[in-house]
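Take a look at the structure set out below.
The values are calculated or read from the model by the stated rules, or taken from the named source; none is laboratory data. Everything quoted here is computed from the prediction, not taken from an experiment. Counting neighbours? That spans all protein chains shown, and the Cβs are built from the backbone with ideal geometry, glycine included. These area figures cover heavy atoms from the full protein model, side chains too; ligands, DNA and RNA do not enter into them. Shrake-Rupley method; radii C 1.70, N 1.55, O 1.52, S 1.80 Å.
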Amino acid sequence: MRPDKGGRAGALDDDDIALFRRAVRDVQPITHARRASSTHAHETSAATLRARRAFATGSESQPLVQLSDHYSPAIASEDDTSYVQYGYGPDLILGLKRGKWDTRTSLDLHGATLDQARERLDTFLQSCLTHRIRCVRIVHGKGYGSPNGQAILKQTVRRWLAQMRDVLAYAECSEQDGGAGAVRVLLRARPLV
């Protein structure tokens, strides 16, 4: 390459032009492209972009969901191993148990206090919803380390999940995935913003 009239590198010399012409000599021009052309790009409002950026960087703090530690949903199973939100069928629980949805990520709450667990669970689920992750695993433990052997965190986490609007269902995990110490959770699909 040689410098062009403005002194910049980038102009092709005669050898480069001849090489290019030899390389494309058998190429036929496209006569009909069969593609639609867009006259304008998709525009997103500045306010929406600012809100997305603030949420992604964590500078926009969202209030924690107000959850009761003692709530007992009417639609949970008697032994508290599964739950399905009102208006949905038991096929969601069956699908969770059979692995219909891939578990994309998990949260381990071992050793957390109730306040710590509530905050971590809320932040985790909000992040999953933002990133459109539908199925997650929450590990709360079986309660062996709890005072008097009471599985307080296990019971409370399951009560919280049953109160969350975006939780469609949960089912206790198989033994290899945590058994009674974990649940698989199916989250509502959020539309693109």
With a cut-off of 8 Å between alpha carbons and a minimum separation of six or more residues, what is the relative contact order of segment 140-179 in percent?
26
Using only alpha carbon pairs under 8 Å that are at least six residues apart, calculate the relative contact order of segment 92-193 and give it in whole percent.
32
Where 124, 20 fall by accessible area, highest first, once all protein chains stay in place (1.4 Å):
20, 124
At a 1.4 Å probe radius, which order do 140, 131 fall into by accessible area, largest first?
131, 140
5 Å is the cut-off here: which amide hydrogens, built 1.01 Å from N in the peptide plane, fall below it relative to residue 88, excluding neighbours closer than 5 in sequence?
none
Rounded to the nearest 0.05, FRET efficiency between residue 189 and residue 31 (Cβ-Cβ, R0 35 Å) equals 0.20
Report, by chain and number, residues whose modeled amide H sits under 5 Å from the one on residue 108, excluding near sequence neighbours (fewer than 5 apart, same chain).
139
